[in-house]
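The values are calculated or read from the model by the stated rules, or taken from the named source; none is laboratory data. Being a predicted model, the structure only gives us computed values, none of them experimental. We place every Cβ from the backbone using ideal geometry, glycine too, and count neighbours over all the protein chains shown.
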Amino acid sequence: MKKVIVPIGPYHPLFEEPEYFALYCDGERVVDIEWMAGYNHRGIEKLSESKHWDQVTFLIERICGICSTSHPIAYCNAVEDLAKIEIPERAKYIRSIVGELERLHSHLLWVGLAGHFLGYNTVFMWAWKYREPILDIMEMVTGNRNHYAMMKIGGVRRDIENEDIDIIKKILDELKGKLEMLTGAVLDDPVLAARLKGVGVLTKQDIKDYGAVGPVARASGVDIDVRRDNPHAAYNLVEWKVITCQDGDVFSKAVVRLLECFESIKIIEQSLVRLKKIKGDIAIEVRYIPSGEGIGRYEAPRGECYHYVRSDGTSRPVRHKIRAPSYVNIPTFKASCIGETIADVTIILAGIDPCYCCTERAITVYDADTRKKLFDGKDLMKLSQEKTRKIKKQLGFKEK
Amino acid sequence: MEIIEQVKEKFKSKIKSVFFHNEKRVYLEIDKEDLIDVVKFIFHDLDARFITASGIDNLKDMEILYHFSLDSDGIVISLRVFIDRDNPCIESITSIVKGALNIEREMYELLGIKFLNHPGLKRFLTDEFPEGFYPLRKDSPGRAEQ
Amino acid sequence: MAIDLKTKALKKSLFVFHLSTGSCNNCDIEILDCLTPRFDIERFGMVLVGSVKHADVLLVTGIGTIKNAERIKKLYEQMPKPGFVVAIGACACTGGIFKEGYQMAGPIDKIIPVDVYIPGCPPKPEAMIAGIVKLLEKIK
């Protein structure tokens, strides 16, 4: 049987970050997949050792642009665990609010990108348009659309004023209606159901083997969420629930992410109500980090962010270990892509919501025997969009 | 803590020390020879989730911490293993935990630790550095000589 | 004479190729944000293209890691001239907070010549559009 090697990456137009996958194919079916990382590796763990405890927060933010506040929260949790610091109540609510706002904009970003991979460019435009008000809230509260610099060891750096709370509430109310429309459009669309159901399935055993986390795990019925299992910030002070699905395919992953958005809005609204009543400091002063070890975790939009720090009582970390969620989610390709067709690979890859920049640190199909190029990145994207068109036709929908 | 009592009961003196940093963070020290048995117990019998592994260069020796999560209780168990710095090598746990493949490759290239019986021990994140340049070691220079 | 015609044509509609070389992806998302209805660079005639061989402008983000350096050079050579390079974000301009890292081969202007620098972490879409407008004036 002829085997064809399909390197994906490193520069594919819609995976903005460079990554390299080699797909081994037998005709139309994928037989094996290999991941070569390193194009985004910036040596952050080593850089951490040369910065002061406070400076590390700014460095850590820039691990990833989309989960920009997840890493600082996990890092601050780690140091607060080490030094046994309890942050003030107001800071807890502010941390949850910023974290959940980030989850909202990240999931909307994903919905947009996934829509584009399938050929639904209107979904892309809508989702990113609805993202903008959230970025406006961020700018109003923190001063920047991304890289908020809100977290510090011992609390948060900026407060949310009462006047802003009303504006945030208004924007979120408008967003709820739009989210409901978007969710309905995605979940009720028969073409999307035909395209995504049963594609890229991950079983519970796969999730356990690879240690996958986040919506990827929850879509396969594995009920884990750091916000509930290891509560911090305000997550055990407000009412919300963890969303899981049972099927483990790309459709379930979309469902989990969309429904999580509504839970995020619930958390933010409850936190805003409490914030209006609670007075107090937003941070406690931390003068000295004793020697010891600390572990901090946070449920980023993609899964569990894990930070381990070790201190010897000086002003810099001795060791700072960072594990981003995509590091354990991306290898699940081995389980979800094998047996699938090449046209589905782009959407399966997208279903994990990979964030390559978090993880470290483009697609061409070659004939294995002659090394002649068969398809390239844009062709694979077209294959994916073409499959959607075929399914649309089968179901009797006219091409828009 | 009940779960840790189970581990101590099963392995007795092989657990060299148990440190409770608080009720959710436990550090167990073991010898590298006992690593596979303890990992098997924690991963299969206690149904823990493998989070990651951290390699640390202590100049006098090297240390690897294997982090596992007991999600139903929110507890993180970290297994601490010390290895020799001049010839750092240890058994790979990929036979039990598939998800440890990439982190062991990363520790190999950034710290120089060899993992025995690893199915494909080669560089993962960097490939143009000269042999012997291990960035995360404490005595490594800031940049590699190109 | 041929170059003048080409530059005049350039001013009408810019084909932009986006390249990320070791960035946190924030600048990249803000670039894609420019396509969305609020900023909508398509009304200026700017279009994101999939291949560097069709590009007039190369937008580069990221620090330029050692692993990427050769590829950046190759992509720059493949871009048809006259072509312009825009370094977006603090990482591309100077290396930003990653300057002392062991994977640093940049910043970008050490690898390829840069025409416009747009600083910021990340630069807002308005800043990027302003930077592109300055580029257009420079071409004039």
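Okay, here's what the table says:
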read-out	value
Residues of the range B:104-142 satisfying the condition of being touching a Phe, Trp or Tyr at 6+ places or on another chain (Cβ under 6 Å), under 18 Å from A:Y210 (Cα atoms) and either more than 10 Å from chain A (Cβ to nearest Cβ) or not in a helix (DSSP H, G or I) (or both)	B:E104, B:L121
Options A:K266, A:K279: the member that is modelled with pLDDT of 90 or more and in the same structural domain as A:I168 (by TED's automatic domain parsing)	A:K266
Set A:V242, A:V216: member being buried (at least 23 other Cβ atoms within 10 Å of the Cβ), within 14 Å of another protein chain (Cβ to nearest Cβ) and at pLDDT 90 or above	A:V216
Lone qualifier among A:D229, A:D209, A:D223 - being facing another protein chain (nearest Cβ under 9 Å) and surrounded by fewer than 16 Cβ atoms within 10 Å (Cβ to Cβ)	A:D223
Residue satisfying all of: in the range C:35-74; at pLDDT below 80, in a loop (DSSP other than H, G, I, E, B) and more than 11 Å from chain A (Cβ to nearest Cβ); surrounded by the most Cβ atoms within 10 Å (Cβ to Cβ) among these	C:M46
Residue under evaluation A:I137, criteria (1) within 14 Å of chain C (Cβ to nearest Cβ); (2) surrounded by 15 or more Cβ atoms within 10 Å (Cβ to Cβ), criterion not met	(1)
Elements of type strands (runs of 3 or more DSSP E) in the range A:220-325, at least 1 residues being farther than 21 Å from A:H52 by Cα	A:292-300, A:303-311
Residues satisfying the stated conditions in the range A:109-156, i.e. under 30 Å from A:E386 (Cβ atoms), modelled with pLDDT of 85 or more and in contact with a His (Cβ under 8 Å, 6 or more places away or on another chain)	A:R131
Yes/no for A:A324 being more than 13 Å from chain B (Cβ to nearest Cβ), at pLDDT 85 or above and buried (at least 24 other Cβ atoms within 10 Å of the Cβ)	no
In the range C:97-119, the residues that are crowded, with 23+ Cβ neighbours inside 10 Å, touching a helix residue (DSSP H, G or I) at 6+ places or on another chain (Cβ under 6 Å) and in a helix (DSSP H, G or I)	C:I108
In the range B:1-17, the residues that are more than 14 Å from every other protein chain (Cβ to nearest Cβ) and of a type outside the set (A, V, I, L, M)	B:E2, B:E5, B:Q6, B:K8, B:E9, B:K10, B:F11, B:K12, B:S13, B:K14, B:K16
Sole residue being modelled with pLDDT of 90 or more, over 22 Å from the mean Cα position of the chain (by Cα) and of a type outside the set (A, V, I, L, M, F, W, C), chosen from A:E386, A:E299, A:E304, A:E293	A:E293
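For (1) more than 17 Å from the chain's Cα centre (by Cα); (2) hydrophobic (A, V, I, L, M, F, W, C), each residue gets a yes or a no:
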| residue | (1), (2) |
| --- | --- |
| A:D81 | yes, no |
| A:E102 | no, no |
| A:H105 | no, no |
| A:V111 | no, yes |
| A:L118 | yes, yes |
| A:P133 | yes, no |
| A:M138 | yes, yes |
| A:I168 | yes, yes |
